[in-house]
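*Asks:* I'd like to ask some things about the structure below.
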Amino acid sequence: MSEPEPAPAHGAPTRARRPRRGNPTPKAGRNLPAAIGVGLAMLFAILGGLLFLPLGFVVLTTAFAVIGVWELFRALDSQGTRMPIIPVLTGTVAIPFAAYFGGLESMLFAMVLSSTAVLLWRSLESAAGAPRSVFAGIFTLAWVPFLISFAIVPLHASGGATTAGLWPDGQVPGGAWQIAVMLLLVVSNDTFGYLVGALFGKHPMAPKISPKKSWEGFGGSVAGAMVIGILASLFVLDKPWWVGVVLAVGMVAAATAGDLAESMVKRELGVKDMSSILPGHGGVMDRLDSIVFAAPTAFILFALLSGA
């Protein structure tokens, strides 16, 4: 019980009590109003570009990748590892556009060429710390722009790269809807996992890596994503209901693995968030961590389920 405030001295002005403001940051560690607002704005921007202006979606995805790579560069640099940022950023721009205009083969070629550029660039500098620097550069290229470009490859297969940036006759092809469903399932994983984990989470999944991620939250992610997956499969993809279940389980597993992978990297680097550029979320990499693992997983699953 709190002690009562002492009465004001005789003749002293009485100050009115200020009402206490509710804490917008619950036990799960986010500023919830800011997180919801920023998350919805990002989702609408990405889906709007994907469904109405595919080249705009590519530009926005590339911009997110560039910011995420810059966050990694700063975090690694603070620990004494300086990656060759110029060839890495060049590759970060080149790989997604190669996926859009050239497809999977061009994306792989851009990744190899970018990795070679990192090696050659670093060989012109001092040999001190060269192995760590080269590894950091190639690791960053593989983790961020290469994996996230799997969310762009279906646009090339759908013929989006042959247009002037708009879908012909306003008809959104199947590849774009596949990407949209992937993004909705990743958002569902994060949203339902956060809500259920904040309310009922008691058993941590990986306490040494991510103490706030619980098995209860994981169950909420699976259940919520299944509902969204089944609805999307029936009404968006025109597939049997069980396809939505398979996609939901795959996306939740991939997104959770991506989240834990980034948590391991942040713990190794000794940082809580990659940056504070997104209110309520942290850095761009704190939002991309799930997508970079989910994008190639969705690409593989849709290929395997194409005949369903």
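The values are calculated or read from the model by the stated rules, or taken from the named source; none is laboratory data. Just so we're clear, the structure is a prediction, and the values are computed from it rather than from any experiment. Counting neighbours? That spans all protein chains shown, and the Cβs are built from the backbone with ideal geometry, glycine included.
*Asks:* Which residue, of S233, S188, S221, is over 24 Å from I152 (Cα atoms), in a helix (DSSP H, G or I) and of a type in the set (S, T, Y)? Before you say what the answer is, go through the steps one by one.
*Replies:* Values: S233 fails: over 24 Å from I152 (Cα atoms); S188 fails: over 24 Å from I152 (Cα atoms).
Sole residue among the options that is over 24 Å from I152 (Cα atoms), in a helix (DSSP H, G or I) and of a type in the set (S, T, Y): S221.
*Asks:* State yes or no: is V236 within 28 Å of L47 (Cβ to Cβ) and either at pLDDT 90 or above or outside the structural domain of E71 (by TED's automatic domain parsing) (or both)?
*Replies:* So V236 passes the test.
*Asks:* From S221, S214, S210, S263, which residue is more than 19 Å from the chain's Cα centre (by Cα) and of a type in the set (S, T, N, Q)? Walk me through it before giving the result.
*Replies:* Working: S221 fails: more than 19 Å from the chain's Cα centre (by Cα); S210 fails: more than 19 Å from the chain's Cα centre (by Cα); S263 fails: more than 19 Å from the chain's Cα centre (by Cα).
Every option except S214 fails the conditions.
*Asks:* Has segment 198-220 got at least one residue that is assigned by TED's automatic domain parsing to the domain that holds I291, of a type in the set (D, E) and under 18 Å from A295 (Cα atoms)?
*Replies:* So the first thing to find is which residues in segment 198-220 are assigned by TED's automatic domain parsing to the domain that holds I291, and the list is 198-220.
In the following step, the residues that additionally are of a type in the set (D, E) were identified as 216.
Next, only the ones that are under 18 Å from A295 (Cα atoms) stay: none.
Within segment 198-220, none of the residues are assigned by TED's automatic domain parsing to the domain that holds I291, of a type in the set (D, E) and under 18 Å from A295 (Cα atoms).
*Asks:* A further question follows. Select from segment 180-204 the residues that are among the hydrophobic types (A, V, I, L, M, F, W, C) and either surrounded by fewer than 19 Cβ atoms within 10 Å (Cβ to Cβ) or under 26 Å from V58 (Cβ atoms) (or both) and list them in ascending order. Spell out how you get there, then give the answer.
*Replies:* Going residue by residue through segment 180-204, those that are among the hydrophobic types (A, V, I, L, M, F, W, C) are 180-187, 192, 195-196, 198-200.
Result: A180, V181, M182, L183, L184, L185, V186, V187, L195, L199, F200.
*Asks:* While we're looking at this one, here's another question. Just to verify a result, which residue in segment 191-218, among those that are part of a helix (DSSP H, G or I) and β-branched (V, I, T), is farthest from I152 (Cα to Cα)?
*Replies:* Residues of segment 191-218 part of a helix (DSSP H, G or I): 191-200, 215-218.
Narrowing the set further to residues that are β-branched (V, I, T) leaves 191, 196.
On the way: T191: 24, V196: 31 Å.
Looking at residues that are part of a helix (DSSP H, G or I) and β-branched (V, I, T), I get V196.
*Asks:* Those residues that are modelled with pLDDT under 70 and in contact with a Leu (Cβ under 9 Å, 6 or more places away or on another chain), I need them from segment 143-162; list them, please. Before you say what the answer is, go through the steps one by one.
*Replies:* Initially, segment 143-162 is screened for residues modelled with pLDDT under 70, giving 158-162.
Matches in segment 143-162: G160, A161.
*Asks:* Checking the conditions here, which among R30, R17 is in a loop (DSSP other than H, G, I, E, B), in contact with a Gly (Cβ under 9 Å, 6 or more places away or on another chain), modelled with pLDDT under 85 and of a type in the set (D, E, K, R)? Even if it seems obvious, please write down each step before you answer.
*Replies:* Working: R17 fails: in contact with a Gly (Cβ under 9 Å, 6 or more places away or on another chain).
That would be R30, the only listed residue that is in a loop (DSSP other than H, G, I, E, B), in contact with a Gly (Cβ under 9 Å, 6 or more places away or on another chain), modelled with pLDDT under 85 and of a type in the set (D, E, K, R).
*Asks:* Continuing with the same structure: I'd like the full set of residues that are farther than 16 Å from L260 by Cα and in contact with a strand residue (DSSP E or B) (Cβ under 7 Å, 6 or more places away or on another chain), limited to segment 167-202.
*Replies:* Across segment 167-202, the qualifying residues are G201, K202.
*Asks:* For segment 107-147, how many residues meet the condition of being farther than 20 Å from V292 by Cβ, crowded, with 16+ Cβ neighbours inside 10 Å and of a type in the set (V, I, T)?
*Replies:* Adding up the residues that qualify gives 1.
*Asks:* Also, I was wondering about something else. Given the residues A261, A255, which is the only one that is touching a helix residue (DSSP H, G or I) at 6+ places or on another chain (Cβ under 8 Å), at pLDDT below 95, within 16 Å of I228 (Cβ to Cβ) and outside any loop (DSSP other than H, G, I, E, B)?
*Replies:* Details: A261 fails: within 16 Å of I228 (Cβ to Cβ).
None of the others qualify; the one that does is A255.
*Asks:* Among what's in segment 129-142 and is of a type in the set (A, V, I, L, M, F, W, C) and at pLDDT 90 or above, pick the residue that is farthest from the chain's Cα centre (by Cα).
*Replies:* First, the residues of segment 129-142 that are of a type in the set (A, V, I, L, M, F, W, C): 130, 134-136, 138-139, 141-142.
Now drop any that are not at pLDDT 90 or above, which leaves 134-136, 138-139, 141-142.
Details: V134: 24, F135: 22, A136: 20, I138: 19, F139: 17, L141: 15, A142: 15 Å.
Filtering first and then ranking leaves V134.
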